[in-house]
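Chemist: This structure is in structure tokens; I'll ask about it shortly.
Computed from the coordinates by the stated procedures, all read-outs in this text should not be read as laboratory data. These numbers were taken from a predicted model, which means no experiment stands behind them. Reconstructed Cβ throughout: ideal geometry from the backbone, glycine too, with neighbour counts over all protein chains shown.
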Amino acid sequence: MIRISNRNFSVLSAALFILLTLIIYSCGKKQENETKSLQFTEQHRPQFHFSPPSGWMNDPNGMFFHNGEYHLFYQFYPDSNVWGPMHWGHAITKDMIYWEHLPIALYPDSLGYIFSGSAVVDHQNTSGFGTTENPPLVAIFTYHLMEGEKAGRNDYQTQGIAYSLDNGRSWTKYAENPVLKNPGIKDFRDPKVFWHEDSKKWIMILAVQDHVEFFGSPDLKSWTKLSEFGVGVGGHGGVWECPDLFPSKVDGGEVKWVMLLSINPGSPNGGSGTQYFIGNFNGKTFVNDNPPDKTLWIDYGRDNYAGVTWSNIPESDGRRLFLGWMGNWDYAQVVPTYVWRSAMTLPREFKLTKTSSGIRLASHPVKEIETLVGKSYVIGETIVRDSVILTSSEMETSLFEVMIELDSAIKRDFSIELFNTLGEKLVIRYSQEQNAILVDRTAAGKNDFSPKFSGIDKGPRSLTSYPTDIRLFLDHSSVEIFMDNGLLVMTETFFPSEPFKNVKIISDGLKIKSANTRKIKRIW
């Protein structure tokens, strides 16, 4: 008979308890990881673009860089996959590629839903919410009081602020909200705030129906109206929303100011789109360089809306970084995704450059995307007599980048087809006659959820010379097309029944200098 003393029994019991706890914990973590993995592999879920774990998402909000982290807030309704009472969802990243989802930052309250806005790092503690040693992060957002809208009032949108002293992990709403009351205007929203060094004050640009208004403040709490811009200028097919304003150097030299302005409806191909203006800003007024009827668009696709830029990017970096919502209000709430709805574009770097048509804004995928590049399939100099396949069986993925360099000595129309084994295809066609890219998603998969979804979208080029470069990113249910070194961009979503794992270029005599298809790794 083996005798076990009370002491040995206690030790053995403790050991068994620890072992059992570890087993339970390990199984729990395994199940959690498996659930998380499955959650991010639903049909049509983007694999290298940001999307929420579940629920509804639209506009990016409050983007800033601080203590090594890029913060992204976004319009979020956690209880459904369609628009509802708006919250600010929250995520962070150290490289704009791999994201960490954080708890909801701002919830609706008695003053209303939390609509779009911005956030700043108050380095000098002008607000008094923190200290110069621990400067507060201050979010500026629109309150939307649904009861006021339903009652037929015009003053149901006001501006509120909240602050954080723990690197954005928790937020306290200002006790004296709203900081900017509504003078009786139905659309009075989406504040973008930045510090203007020359005038030593905070500037707010606010969307007000068919124009923007500028306000100034010494402390983010009290605001004074400075000026207006936009009546009769640019596109006016719908309500103006989500403005942004920032300085940028033209080809590294002269400084100009760029204003982003989203509009819904009224985009070139229907529904939602974002126009921009180039000019000068003196701390009070904005003066547009282009004729009033000249409308410039950051993206001619139908699925890039409400995008704004990150604030507080270090001078050592120096980039102007942008993110947009990959959706269109014409159909965003009925697309065939169910656990979640919507994703963001790839982060992009904006640059101003001189062209034969004037100064224009060019968009480039951020360089950090290179960290996701996997296997490549390279084609050297080739004449396309009928078609050339640009993918290989080794890649077997619907996540890839295609870069094509063209020989301008031989000018031909051409098409790029993304396709699957079911005969579904997305067609990207270049027409010399129209000097434009045409994106045809009529046969790209599911499209019966909205009569406004299917069709052919046109992206006119600002250059008159033959194109020499085209670059695209495919991520399951979206494509982002960059041509003319980023001067022409088109973002499109689609929903194939089976992933597109093949791409080919079709033409009669087109000369390719080189083509490189690169596999992109998933981030989830």
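Chemist: Please go through the residue pairs Lys351/Lys452; Lys200/Lys294; Lys256/Lys294; Lys249/Lys294 and name each one whose alpha carbons sit more than 24 Å apart in this structure. Please list the in-between numbers first.
Modeler: Numbers: Lys351/Lys452 32 Å; Lys200/Lys294 32 Å; Lys256/Lys294 17 Å; Lys249/Lys294 21 Å.
Result: Lys351/Lys452; Lys200/Lys294 exceed 24 Å.
Chemist: What order do you get for Leu106, Leu226 when you list them from fewest to most C-beta neighbours inside 10 Å? Intermediate values should be presented prior to the final figure.
Modeler: On the way: Leu106 23, Leu226 18.
Arranged by neighbour count, lowest to highest, Leu106, Leu226 become Leu226, Leu106.
Chemist: So what's the Cα pair-distance distribution over the range 97-151, bin width 5 Å, in %?
Modeler: Spelled out per bin, shortest first, that is 4, 16, 16, 16, 19, 15, 8, 4, 1, 0.
Chemist: Shape of the range 62-163 from its Cα gyration tensor (a ≥ b ≥ c, root eigenvalues): rounded if a/c is under 1.5, otherwise prolate when a/b > b/c, or oblate?
Modeler: Working: a/c = 3.04, a/b = 1.39, b/c = 2.20.
Taking the square roots of the gyration eigenvalues as a ≥ b ≥ c, the range 62-163 is oblate.
Chemist: To the nearest 500 deg cm²/dmol, what mean residue ellipticity at 222 nm is calculated for the chain from DSSP H runs of n ≥ 4 alone, each contributing -39,500 (n - 2.57), summed and divided by the residues?
Modeler: Values: 2 runs with 39 residues, N = 524.
Counting only the DSSP helices, I get -2500 deg cm²/dmol.
Chemist: ³J(HN,Hα) across the range 197-209 via Karplus (A = 6.51, B = -1.76, C = 1.60, θ = phi - 60°), whole Hz, x for Gly/Pro?
Modeler: 5, 4, 9, 6, 8, 7, 10, 10, 10, 10, 7, 10, 6
Chemist: Consider the candidate values (1) 22.7; (2) 24.6; (3) 23.5; state which one is Kirkwood radius over Cα pairs in Å computed from the structure displayed.
Modeler: Entry (2).
Chemist: Give me the lysines in straight-line cross-link reach of Lys521: C-alpha distance below 17 Å, same-chain residues under 8 apart excluded.
Modeler: Correct list for Lys521: Lys367, Lys375, Lys501.
Chemist: Once you place label points 7 Å from the Cα toward the Cβ at Arg412 and His101, how far apart are they in nm?
Modeler: Between Arg412 and His101, the simple spin-label model gives 4.7 nm.
Chemist: Follow-up. Please quote Rg/Rh for the range 283-342 to two decimal places, taking the Kirkwood radius as Rh and restricting both calculations to Cα atoms. Don't jump to the answer; show the numbers that get you there.
Modeler: On the way: Rg = 16.6 Å, Rh = 15.1 Å.
My calculation puts Rg/Rh at 1.10.
Chemist: Multiplying the sequence separation of Asp198 and Ile185 by 0.36 nm and subtracting their Cα-Cα distance, what value in nm do you get? Write down the numbers at each step before the final one.
Modeler: Values: separation 13, 0.36 × 13 = 4.68 nm, distance 3.07 nm.
Net length gain for the segment: 1.6 nm.
Chemist: Taking the Cα centre as origin and putting +1 on Lys and Arg beta-carbons and -1 on Asp and Glu beta-carbons, what dipole magnitude results for the range 372-524, to the nearest 20 debye?
Modeler: I would put it at about 180 debye.
Chemist: Largest first and to the nearest Å, give the Cα extent of the range 55-365 along each principal axis.
Modeler: Cα spread of the range 55-365 along its principal axes, largest to smallest: 51, 48, 43 Å.
Chemist: Excluding residues fewer than 8 places away in the same chain, name every one of the aspartates and glutamates whose C-alpha is closer than 17 Å to that of Lys411.
Modeler: Glu381, Asp386, Glu433, Asp469, Asp484, Asp508
Chemist: Roughly how big is the chain's charge dipole about its Cα centre, with Cβ charges of +1 (Lys, Arg) and -1 (Asp, Glu), in debye to the nearest 20?
Modeler: Values: 52 positive and 59 negative charges, 161 e Å.
I would put it at about 780 debye.
Chemist: Could you check the spin-label model distance between Leu438 and Lys150? Points 7 Å from the Cα along Cα→Cβ, value in nm.
Modeler: It is 4.8 nm.
Chemist: Right, another one. If I stretch the segment between Glu254 and Asn282 completely, what's the gain in nm (0.36 nm per residue apart, minus their alpha carbon distance), one decimal? Don't skip to the answer; put the middle values down first.
Modeler: On the way: separation 28, 0.36 × 28 = 10.08 nm, distance 1.50 nm.
Gain on extension, Glu254 to Asn282, equals 8.6 nm.
Chemist: Based on the mean of other beta carbon atoms within 10 Å per residue, what is the order of 315-323, 206-214, most packed first? Working shown, then result.
Modeler: Working: 315-323: 15.1, 206-214: 21.3.
My ranking of the peptides, most packed first, is 206-214, 315-323.
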